[in-house]
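Notes follow once the structure below has been shown.
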Amino acid sequence: MKEHIDSETLSAYLDGCLETAQLDRVLNHIKVCVICAGEVNAYVKVRSVLKRTAIKNMPLDLAADLRLAAAKKFTEQPWWIQWRLPQYWVPATGMAISLLVWGWWMQKSFVSEDSIPLETVLAAHHRYLDEGNLPVTDLTADGFSARLASYEETVE
Ligand SMILES: [Zn+2]
């Protein structure tokens, strides 16, 4: 016989919380395994007994005393413990700080004083194209190279 079905899976089976493949595996197993079928029957009996048991409410004075004791214990703690954030904020805050530092660092590392602001150059280029200020001869590669060479001579 293969391995028995673990108690958690059997409990999930009784709660109707299994996926189809897992449900088929459990159903096929408890058909042939007396031990697991017995465990399922035991769970069913416990469940039926618990359903028949009357629910008793907590006495109101006990509930009030417990709330008072909890509130008193809370107010006796220092303020930094009373108002601290839940533990899941620690990794979330760490991740947010890491992303901010990474983003700042990436921005700083890609922008140098020698770099050309490409967006500005492209915007100016498209504006010149739209306004028709670029001579057609400058739009070909040969014309561009000649124009660029003339700029370099002018700058020096
Ligand atoms: Zn079994």
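Every read-out reported here was derived from the displayed coordinates using simple, explicitly stated rules and does not represent laboratory data. Every value quoted in this text rests on a predicted model; they were computed, and no experiment measured them. Quick reminder, even Gly has a Cβ in these numbers, built from the backbone with ideal geometry, and neighbours come from all protein chains shown.
Restricting Leu14, Leu23, Leu10 to those that are within 32 Å of the chain's Cα centre (by Cα), assigned to a helix (DSSP H, G or I), within 13 Å of the ligand (Cβ to nearest atom) and not hydroxyl-bearing (Ser, Thr, Tyr) reduces the list to Leu10. Restricting the first member to region 102-131 and to residues that are in contact (Cβ under 8 Å) with a residue 12 or more places away in the chain, and the second to residues that are in a helix (DSSP H, G or I) and of a type in the set (A, V, I, L, M), no beta-carbon pair is closer than 7 Å while six or more apart or on different chains. When residues in region 38-58 are screened for being within 11 Å of the ligand (Cβ to nearest atom) and surrounded by fewer than 15 Cβ atoms within 10 Å (Cβ to Cβ), 1 of them pass. Does Phe144 satisfy the condition of being touching an Asp or Glu at 6+ places or on another chain (Cβ under 8 Å) and either of a type outside the set (Val, Ile, Thr) or outside any helix (DSSP H, G or I) (or both)? Taking the combined requirement at face value, the residue satisfies it. Of the residues in region 5-28, how many are under 20 Å from Lys45 (Cα atoms) and surrounded by 10 or more Cβ atoms within 10 Å (Cβ to Cβ)? The qualifying residues number 13.
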